[in-house]
Structures are given as C-alpha cells and as structure tokens.
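Quick notes on the structure that follows.
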Amino acid sequence: MSARTVVVNADDDGARVDKVVSRALGLGTAAVRRLCDGGQVRGPAGRLAAGDRVKTGMAVTIADVGWLTPVEAPLDVLATWANVVVVDKPVGLPCHPLVPGEGDSVVHQLMGRFPEIATAAADPREGGLLHRLDTGTSGCLAVARNRSTWEALRAGLEGATKTYLALVVGTVAPSLVIDDGIGHDRGDRRRMVLDPDGAPCRTTVRCLGQGRLDTANGPVPISLVRLGLSGGRRHQLRVHMQSRGHPLLGDTLYGGPAVDGDGFFLHAVSLGLPGHPVVRAPMPQRWLTMVAAAHCPLHDGAAFDDG
C-alpha cells in the first residue's frame, strides 16, 4: 500500500478517524485501529488515535507501508492452474495480514512461488484470496493469480462446492439442515450469533461416525460430521453447530472443550470452484490422532460421498 492522503469532506465532519480511514481504504476498522496504534495514521498536528475526531478539509495521511513480503515456507499446493492455485492451509496460519508488516500468512508464503497474486485482489493485503478460512481451520483454500479471475470467481463463488469435516461434542443426528441467519454479537466483536434478521445461510450436516473422548471429567461423546454450506457467513459452521448443542472440539470461543494443540477441529476437505475440478485436502495427522483417541471410525471416502 503506497502512502495515501485522505481529505475529510463535509459529510465526515466530526467522524472518528478509524471510520473515515476505513471507508477511504476499504479496510476493516480493526485493521485501521492497528495502523493508528502503530503511529501510521497522522494529521496536521501529528499522530492520530482511532477515536480522534476529524474536521472538514483536514488531511489524514496513512504511511507508506508494505502489506506482503514473501516468506520461504513449505506450504502444500494441492492444485495449480493458469488462473488459480489451491493450497492446503495448516491450522494456526492466518490467510492474510491484518496490518502492514504483520508476520506470516498464507499469502506471504505463496508470494515467493506465485508473485503475481500480489495484485490479483482489490485489497492489497488479500493477495488474490477467493475466500477465507479461520486461522484455526485447515484445508482447501483458493487463490486467484490475476485480477480478472479474482473478479469472475468472487462474483460466482456461490456456485462453488465446499465440504468440511468437523469433530463435535455430543451425538449428532444422522442428518440435519440448519437455516438460521447469523449476525454479529454486539457484546463481543470476536463472535457471531444466531440472528433472525442476519444474513441468511444454510448448513447441511451428515454424521459419519460417533465415539467418545476420555477426559479428566470422564468420557465425552464425540461425533465426526461432514458439513456443507451456502451463504458463507463468518463463523457459520461453528455458530450453527454450537446452536444445536454440538460445539467443535477445541473451539473455546463457542463453548467447545479445550484440547491439546492449536486450533479447533474443522477441516475444509474438498473444494470445487466453478469451471475447475474438485480438489481434496488430506486429513492432517492431528485429526487422525484425535479420531483414533475418540474411538471414532473414519472410513475412506465418507467425507466425499454425496449420498
């Protein structure tokens, strides 16, 4: 992102700095607050805080800082085409930086091999990402290699098929459909909640196997489920499963029990983009270990069977 100066117009007179900069740059307010905290947002009198108020005609300058620096790392590439790359995102690695100069991410690691992704997305921090996975989620993640592909596939992403596996608490019914809308939790900006006025979305659930996990408090029933979704709302699968009393293992934000290691047990096992073959991500070793510990059978092909 090159240095940028925003001149406050009359409509924004008296508004907060983070709101004005967020609209001007197309960034989330959380990212802008981090820029302010780092001294990278300045006004005529110097450094500006996120909550400072601006005035008409005031010049607000955002420093010249870089979003993406290539990182050498053995990120697994599942499929490569002339216009798209699909990678196997590991647990614990964010998709992209939230602020310039922020450490490692999927797009940092892809930059060394596919430098063209740096200008594929409209937002310079996204590096061509066609969708996102939570930091605690693993599996298939697609990245466009040019702007025209990014625009076309983002517009048609509803036509993509996404399949996930999850390990959840409790005994799940053989099949289930959840159609509840989802909105932001006004009391905790990290969380999402069921909201009848929120964005419509659907999660389909199929139980693939059941077992138990031995804990210090005794055995806990566990289910291995296959999840499909439409709508793609933030935290959709996590919120929908928690709402039915089946939080994900390791997902403490939504009431799931803590487990050893990073992240929760949600894996994007397959992805089919419009006009591209379906790509599958292998099961991580931590999954195989946990499934065995929970005495929960995992049958080859069950995750991909549409029946």
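Miscellaneous remarks
- Verdict on ASP251 being of a type in the set (Asp, Glu), under 28 Å from LEU130 (Cα atoms) and surrounded by 22 or more Cβ atoms within 10 Å (Cβ to Cβ): yes
- Of all the numbered requirements in (1) at pLDDT 85 or above; (2) within 30 Å of THR80 (Cβ to Cβ); (3) touching a Leu at 6+ places or on another chain (Cβ under 9 Å), ALA302 misses one, and that requirement is (1).
- Answer from LEU237, LEU224 - the residue that is among the hydrophobic types (A, V, I, L, M, F, W, C) and either surrounded by fewer than 16 Cβ atoms within 10 Å (Cβ to Cβ) or in contact with a helix residue (DSSP H, G or I) (Cβ under 9 Å, 6 or more places away or on another chain) (or both): LEU224
- Of the residues in the stretch 286-299, not one is β-branched (Val, Ile, Thr) and in contact with a helix residue (DSSP H, G or I) (Cβ under 8 Å, 6 or more places away or on another chain).
- Of all residues assigned to the stretch 54-75, at least one qualifies as being out of contact with any strand residue (DSSP E or B) (no Cβ under 7 Å at 6 or more places or on another chain) and modelled with pLDDT of 80 or more.
- Strands (runs of 3 or more DSSP E) contained entirely in the stretch 78-195, each with at least 1 residues that are surrounded by fewer than 17 Cβ atoms within 10 Å (Cβ to Cβ): 161-169, 175-178, 182-184, 192-194
The values are calculated or read from the model by the stated rules, or taken from the named source; none is laboratory data. Everything numeric in this text was worked out from a predicted model, so none of it was measured. Counting neighbours? That spans all protein chains shown, and the Cβs are built from the backbone with ideal geometry, glycine included.
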